[in-house]
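Each reported figure results from applying straightforward, stated rules to the coordinates on display, with no laboratory input. Bear in mind that the values here come from a model prediction, so they are computed numbers and not experimental data. Here the Cβ positions follow ideal geometry from the backbone for every residue, glycine too, while neighbour counts run over all protein chains shown.
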Amino acid sequence: MPNARINPSILSADFANLASELERIHTADAVHVDVMDNHFVPNLTLGLPVVDALRKVSKLPIDVHLMIENADRWAPEYAQLGVDSVTFHAEASAAPIRLARELRSAGAKASMALRPATPIEPYLDMLGELDMVLLMTVEPGFGGQKFLDLVLPKIKRARAAIDGSGKPIALQVDGGISRDTILRAAEAGADVFVAGSAVYSAEEPSVEIDVLRNLALG
Ligand code: DX5
Ligand code: ZN
């Protein structure tokens, strides 16, 4: 059965009113929270205390996307807050297998992200350690960037590997997802879609989420 989950990114929300910004996306499948440390990416957003506060008020599951150095040190702390899933970047982890196991044993889904130019092939043997793979479809750091079509072949290769593994591993894409691009990503094999600017720039974010989900289903 085809599947399409929409996880809006609050990076494009009004940071002064995060609780009410969560209400505006009540039709979403989860909320995507972008943590940036100004080292792994040239931007700074929020950290553990704000994620903890969001968790307390959110009715939606929280999907944390860590764009931070030293993921091995910090990612488990996010898992311990009780969020649904924690995504770390492969490029920021010295020991991704150990880290994925730590996240799971802290009760979170383990998810690993790859920048657009990072190949999936070195990680294929560890797919079984993961609940989700996130393929960035822009260089991480900012909302509102243009979708990189050059990632589509990697999405297809990841989809084939996940299907071959027989495991229920989600395949998420993040960056430049909009009415214009979501079907391309879905046809390549993605089944979880992060959308920041497309959702929060809409007059009715909750309706835009349904529009995007239907477009992904083709
Ligand atoms: C970018 C972040 C994304 C961002 C997506 O580095 O990881 O989650 O919010 O924003 P859009 O959908 O506007 O590209
Ligand atoms: Zn993100």
- Between the DSSP loop rule and a limit of at most 14 other Cβ atoms within 10 Å, which trypsin sites (Lys or Arg not before Pro) in region 79-170 are left? Lys146
- Item | Contour excess over end-to-end distance, with Cα ends at Asn38 and Asp210 and 0.36 nm allotted per residue | 58.6 nm
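Working out 0.36 nm times the residue gap between Asp72 and Glu23, then minus their Cα-Cα distance, what length gain in nm do you get to one decimal?
So the chain would gain 14.4 nm between Asp72 and Glu23.
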- Direction-averaged shadow area of the convex hull around the Cα atoms of region 174-218, nm²? 2.7
- Message: Under 5 Å between amide hydrogens, which residues at least 5 positions from Lys109 or on another chain qualify, with H placed 1.01 Å from N in the peptide plane?
- Response: Ser85, Val86
- Item | Contour excess over end-to-end distance, with Cα ends at Thr118 and Arg98 and 0.36 nm allotted per residue | 5.2 nm
- Distance from a point 7 Å along Cα→Cβ of Leu48 to each backbone N in region 58-74: keep the residues under 12 Å and list them by number. 73-74
- Note on the structure: Simple SL model, points at 7 angstrom along Cα→Cβ for Asp163 and Glu139; separation in nm is 3.3
- Task: Please work out how many pairs of lysine residues in the chain are eight or more positions apart (or on different chains) and have Cα atoms closer than 28 angstrom.
- Result: 10
- Query: Can you pull the semi-axes for region 92-197, root of five times each eigenvalue of the Cα gyration tensor, sorted largest first, whole Å?
  - Reply: 23, 15, 12
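Just from its helices, what would the mean residue ellipticity at 222 nm be for the chain, if runs of 4 or more DSSP H residues each count -39500 (n - 2.57) and the sum is divided by every residue, rounded to the nearest 500 deg cm²/dmol?
Mean residue ellipticity, 222 nm, calculated: -9500 deg cm²/dmol.
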- Item | Debye intensity ratio in log₁₀ form over the Cα atoms of the chain, taken at each q of 0.08, 0.09, 0.10, 0.14 Å⁻¹ | -0.24, -0.30, -0.38, -0.78
